[in-house]
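Report on the structure given below.
The values are calculated or read from the model by the stated rules, or taken from the named source; none is laboratory data. Note that the structure is predicted; figures quoted are calculated from it, not measured. Note: ideal-geometry Cβ built from the backbone for every residue, glycine included; neighbour counts use all protein chains shown.
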């Protein structure tokens, strides 16, 4: 079945450092890919998405490119802030009905 | 903005009780979902619904049931609560449109079964 693998956390960075959180997937067909973020005490919020190969999703300085050849959707940000501290989830939705399959989440901790 | 509201942020119940978790969305979405979130396991789908009175089992439906009598409301029911159902429960909704439509989440209910 479909699955998502993302890097273990926590990822600990200093403010203004470069961020990469790796995400790879296994799926049949042409899934849509998503990054969600969960701030402490809150539900998940959509951060960005890409629906076809080579699409780049972007939002709030975060970017991720849908790479079909490497089945990857890595999340990047050029300069993180303390306010980016949260748990980040990579997810995919297969063709047809939109059941989401999530990775296990990666906690990001940014210190001043 | 889409608003998904879960009735309780924190809930404490006893083993064997029947527990109701309520979720309401205000954007006329066709699809609604219930997940549970556990450390190291990510989010796992319990049940979903794509229309009023329709329901489908997700990946971990055992011990749960759902009800969708109105389009905006989706209830999760723990028929006889057990300690292994202590978890964070998240409700989500989305519009029709296949896999490209994102899901919108509520803030979650942290349920403790004693």
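When residue A:58 is tested against (1) more than 11 Å from chain B (Cβ to nearest Cβ); (2) in contact (Cβ under 8 Å) with a residue 24 or more places away in the chain; (3) assigned to a strand (DSSP E or B), exactly one condition is not met: (2). Answer yes or no as to whether residue A:70 is in a loop (DSSP other than H, G, I, E, B), more than 30 Å from residue B:109 (Cβ to Cβ) and either touching a helix residue (DSSP H, G or I) at 6+ places or on another chain (Cβ under 9 Å) or at pLDDT below 90 (or both). Here the answer is no, as residue A:70 does not meet what is asked. If only residues of the stretch A:73-98 that are away from every other protein chain (no Cβ under 12 Å) and in a strand (DSSP E or B) are counted, the one that is surrounded by the most Cβ atoms within 10 Å (Cβ to Cβ) is A:75.
So that you can scan it fast, the table gives a plain yes or no per residue for (1) surrounded by fewer than 20 Cβ atoms within 10 Å (Cβ to Cβ); (2) in contact with a strand residue (DSSP E or B) (Cβ under 8 Å, 6 or more places away or on another chain); (3) farther than 17 Å from residue A:102 by Cα:
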site: B:47; (1), (2), (3): no, yes, no
site: B:63; (1), (2), (3): yes, yes, yes
site: B:74; (1), (2), (3): no, yes, yes
site: B:90; (1), (2), (3): no, yes, no
site: B:93; (1), (2), (3): no, yes, no
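Scanning the stretch B:4-53 for residues being assigned to a loop (DSSP other than H, G, I, E, B), within 10 Å of chain A (Cβ to nearest Cβ) and within 16 Å of residue B:73 (Cα to Cα) gives a total of 1. You will find that of B:110, B:100, B:68, the residue that is away from chain A (no Cβ under 14 Å), surrounded by 13 or more Cβ atoms within 10 Å (Cβ to Cβ) and either in contact with a strand residue (DSSP E or B) (Cβ under 6 Å, 6 or more places away or on another chain) or touching a residue at least 12 places away in the same chain (Cβ under 8 Å) (or both) is B:68 and no other. Residue-level analysis places residue B:78 outside the set of residues that are in contact with a helix residue (DSSP H, G or I) (Cβ under 9 Å, 6 or more places away or on another chain), surrounded by fewer than 18 Cβ atoms within 10 Å (Cβ to Cβ) and more than 18 Å from residue A:91 (Cα to Cα).
Please count how many residues of the stretch A:29-45 are out of contact with any helix residue (DSSP H, G or I) (no Cβ under 8 Å at 6 or more places or on another chain) and buried (at least 17 other Cβ atoms within 10 Å of the Cβ). Full working, then the answer.
To start, the set of residues in the stretch A:29-45 that are out of contact with any helix residue (DSSP H, G or I) (no Cβ under 8 Å at 6 or more places or on another chain) comprises A:29-30, A:33-45.
Right, trim to buried (at least 17 other Cβ atoms within 10 Å of the Cβ) and you get A:33-38, A:43-44.
The total comes to 8.
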